[in-house]
Ligand SMILES: [Fe+2]
Ligand SMILES: [Fe+2]
């Protein structure tokens, strides 16, 4: 019988859809799935808002086509981060807010609004600080999940890889634009706009 096998049964009754083994195993390893889930909602609120605000920032980089291209990669990758993690909120027994206003109110980073004086220097600084907030956010999620929630940890660490890329891009661009200094990221452009090499979610109807 299956319940005689090592993992054939556990704390969730057979057929019980009101509880999740995927949450219980986190608890059994010292994690708090509800706390992780709420942190994820705050974190993807910031990703979603950044996707929106970067749309406007990128638009105002007209004439700096190289900057626009890099802002576009960062913008699309933030959308990928939202999409990667959103299903995890549901797996952890939660849901994204019904009201987008509520969702934006709890975003864990400041809105990356267009600066009063929307020149390239000010826009690049706004982009840089948004990336830094994202690095802090996903590093915190890694800390919360390391050793207790490998699925969320894997997502957060993949996103973190891209956020650190993004910080390096905007340090490079701001250093040259504002200070005339060479401060290389050591990277080259993504293969496709917003390629999200670490974090891209499974694409629906992807025939590749
Ligand atoms: Fe992001
Ligand atoms: Fe980013």
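Nothing in this text is a laboratory measurement; each read-out follows from the coordinates by a stated rule. Note that this is a predicted model, so its numbers are computed, not measured. When we count neighbours, we look across all protein chains shown, and the Cβ atoms used for this are built from the backbone with ideal geometry, even at glycine.
Report the residue, chosen from 55, 17, 152, that carries the largest GNM mean-square fluctuation when the chain is represented by alpha-carbon nodes joined by springs under 10 Å.
Comparing 55, 17, 152 in a Gaussian network model of the chain, the most mobile one is 17.
Quick one: helix 150-179 against the long Cα principal axis of the chain, what's the angle to the nearest 10°, folded into 0 to 90?
The two axes meet at around 10 degrees.
So what is the relative contact order for the range 29-179, in percent, with contacts set as C-alpha pairs under 8 Å and at least six apart?
31
What ranking do 40-48, 4-12 get when scored by the average of other Cβ atoms within 10 Å per residue, highest first?
40-48, 4-12
Mind pulling the angle between the C-alpha long axis of helix 33-59 and the longest principal axis of the chain? Nearest 10 degrees, somewhere in 0 to 90.
Between the helix axis and the principal axis of the chain, the angle is about 20 degrees.
Relative contact order for the range 1-110: what percent, with Cα pairs under 8 Å and sequence separation of 6 or more?
It rounds to 34 percent for the range 1-110.
With everything on Cα atoms, drop me the angle between helix 65-91 and the longest principal axis of the chain, reported from 0 to 90° to the nearest 10.
For 65-91 against the chain, the angle is about 10 degrees.
Which of these, 191, 15, 180, has the largest mean-square fluctuation under a Gaussian network model of the chain (Cα springs below 10 Å)?
Of 191, 15, 180, the most mobile in the Gaussian network model is 15.
Quick one: 142, 109, fewest Cβ neighbours within 10 Å first, how do they rank?
Going from least to most buried by this count: 142, 109.
As an exercise, use a Förster radius of 45 Å and the Cβ-Cβ distance of residue 114 and residue 32 to find the FRET efficiency, rounded to the nearest 0.05.
0.75
To the nearest 0.05, how large is the calculated FRET efficiency for residue 135 and residue 98 if R₀ is 41 Å and r is the Cβ-Cβ distance?
0.90
With N set to the number of residues, divide the alpha-carbon radius of gyration of the range 71-201 by 2.2 N^0.38 Å and report two decimals.
So the range 71-201 has a normalised radius of gyration of 1.13.
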